[in-house]
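The values are calculated or read from the model by the stated rules, or taken from the named source; none is laboratory data. Everything numeric here is computed off the predicted structure, so don't read it as measured data. Every residue, glycine as well, gets a Cβ built from its backbone with ideal geometry; the counts of neighbours run over all protein chains shown. Protein only, heavy atoms only, side chains kept; ligands, DNA and RNA dropped before computing areas. Shrake-Rupley method; radii C 1.70, N 1.55, O 1.52, S 1.80 Å.
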Amino acid sequence: MPGFELWSDEERKEVNEVLETGILMRYGFDGPRKGKWKAKELEEAICKRFGSKYAQLTSSGTSALTTALAALGVGAGDEVIMPSFTFVASFEAVLSVGAVPVLVDIDQTLTLNPDAVRKAISSKTKCIMPVHMCGSMADVDALASICKEHDLLLLEDACQSIGALYKGKHVGTIGNAGTFSFDFVKTITCGEGGAVMTNDKEVYIKCDGYSDHGHDHKGADRGADLHPFLGYNYRISELHAAVGLAQIRRLDQFLEVQKQNHSQLKNILSQVPDISFRKIPDPAGDSCTFLSWFLPTEEITRAVVNEFRAQNILAGNFYWYDNNWHYARKWDHLKNGSSLSPLNDKQQAALQKLRSQDLSESDAIMSRCISSAISLLWTEDQIKEKGEKMMSVIKKLLHAAEVR
Ligand SMILES: Cc1ncc(COP(=O)(O)O)c(C=O)c1O
């Protein structure tokens, strides 16, 4: 995910404006900052660009998730249903508010299987958290209707899918709250940063306070602020927000290139009948950061990955099934309950469950899936060359599997 690939003078100009005032903090210092409020400006730009009533910037996508969970009132003992394929941060955020993550199987959308979600609902379930992985989206309508039926909260982790649309609405703006990550490898970046979006004013006010030690931000004197509730420091800095401000103006340009390159690579791989592609609930809304595709068996997929490695074309092609961050199968530190500070009993039980949980439906999908990251820097000729090399490896190994 490529925000950093097209670095420009616009980012430098925004950052320099902050450096000139010397006010690196987003709150206070009203005089010396000479009218420069980069974080505020970026929050307004997020609301406008993505169609959310409110946005609260944070220091990361992880802290955005933690902030959103806290603002939605998710905490000790509450269960949050989430997919087995995500980034480990989604799981960490749930633990960080004292709640209990409940992993369920994914389907061909590479995110929550609504039937698996239904089966996992218990009297403790408070929230469903789809993770819009790899630039595309979950089946939001199906999940929203489960939430409605069972009176549950919907929190969208849209950290990886900035700019993706579901039925005309931006992912991250549909549920009770949604989050973006602006870390270095996201569609647009702040270096580090995140945002919570919500259409609920109360939730927004809670996010605003929670991410800054509970400050009510009602006056100009921080020392005189009241603290209606407990909060922490998940603030973004003005320097990071300045980078994001330049990047959000360039998002449409990034998305356009991304979609063109994605479509060129997909056209090449589509020539192999044994390749199938990820199911996309709203194909027109795909932000196209990745092209995710499936081979018929795990054995062939592993052989293809090994041959890509041998031919030096594996870079940018992700076999998540073996990835230590993204797929629950390899979260050994969590399966072993390795935590520096003791977790509560229910959380420990949830981690223990990971060791024996049957996620065979997810395995059957993830073991055959490769996601190709789409670069903004590729030329047409490079995509052609890359696609053809990939195709030739795939065809060779499919043929070898047939004759065996
Ligand atoms: C799906 C998902 N959720 C949350 C995060 C956390 O974002 P950050 O790295 O900004 O903390 C990431 C980051 O990769 C992610 O991919």
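Annotations for the structure displayed:
- Filter pass, residue 325 being in contact with a His (Cβ under 8 Å, 6 or more places away or on another chain) and hydrophobic (A, V, I, L, M, F, W, C): no
- Any hit, region 66-78, residues being surrounded by fewer than 22 Cβ atoms within 10 Å (Cβ to Cβ) and at pLDDT below 95: yes
- Within the option set 346, 396, 384, being in contact with a Gly (Cβ under 8 Å, 6 or more places away or on another chain) and open to solvent by 90 Å² or more (accessible area, probe 1.4 Å) holds for one residue only, 346.
- Residue list for region 11-35, filter: among the basic types (Lys, Arg) and within 18 Å of residue 191 (Cβ to Cβ): 12, 13, 26
- Checked against (1) under 30 Å from residue 397 (Cβ atoms); (2) surrounded by fewer than 18 Cβ atoms within 10 Å (Cβ to Cβ); (3) out of contact with any strand residue (DSSP E or B) (no Cβ under 9 Å at 6 or more places or on another chain), residue 258 passes all but a single condition, namely (2).
- Close pairs (6 angstrom Cβ cut-off, 6 or more residues apart or separate chains): touching a residue at least 60 places away in the same chain (Cβ under 8 Å) and under 18 Å from residue 17 (Cα atoms) in region 35-48, hydroxyl-bearing (Ser, Thr, Tyr) and part of a helix (DSSP H, G or I) anywhere: 36/21
- Filter result for residue 214 (open to solvent by less than 30 Å² (accessible area, probe 1.4 Å), without any contact (Cβ under 8 Å) to a residue 24 or more places away in the chain and over 21 Å from the mean Cα position of the chain (by Cα)): yes
- Looking only at residues of region 296-334 that are among the aliphatic types (A, V, I, L, M) and under 19 Å from residue 356 (Cα atoms), we find that the one that is surrounded by the fewest Cβ atoms within 10 Å (Cβ to Cβ) is 334.
- Checked against the criterion of being part of a loop (DSSP other than H, G, I, E, B) and among the aliphatic types (A, V, I, L, M), the candidates 340, 351 yield just one match: 340.
- Test: residue in region 237-248 that is among the small types (Gly, Ala, Ser), open to solvent by 10 Å² or more (accessible area, probe 1.4 Å) and part of a loop (DSSP other than H, G, I, E, B): yes
- For region 87-195, the helices (runs of 4 or more DSSP H) that sit wholly inside it and include 3 or more residues that are closer than 29 Å to residue 335 by Cα and within 11 Å of the ligand (Cβ to nearest atom) are 88-96.
- Looking only at region 196-210, and only at residues there that are in contact (Cβ under 8 Å) with a residue 12 or more places away in the chain and open to solvent by 20 Å² or more (accessible area, probe 1.4 Å), the one that is farthest from the ligand (Cβ to nearest atom): 201
Yes/no matrix, rows are residues, columns are (1) among the small types (Gly, Ala, Ser); (2) part of a loop (DSSP other than H, G, I, E, B):
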| position | (1), (2) |
| --- | --- |
| 288 | no, yes |
| 312 | no, yes |
| 346 | no, no |
| 361 | no, no |
| 389 | no, no |
| 392 | yes, no |
| 397 | no, no |
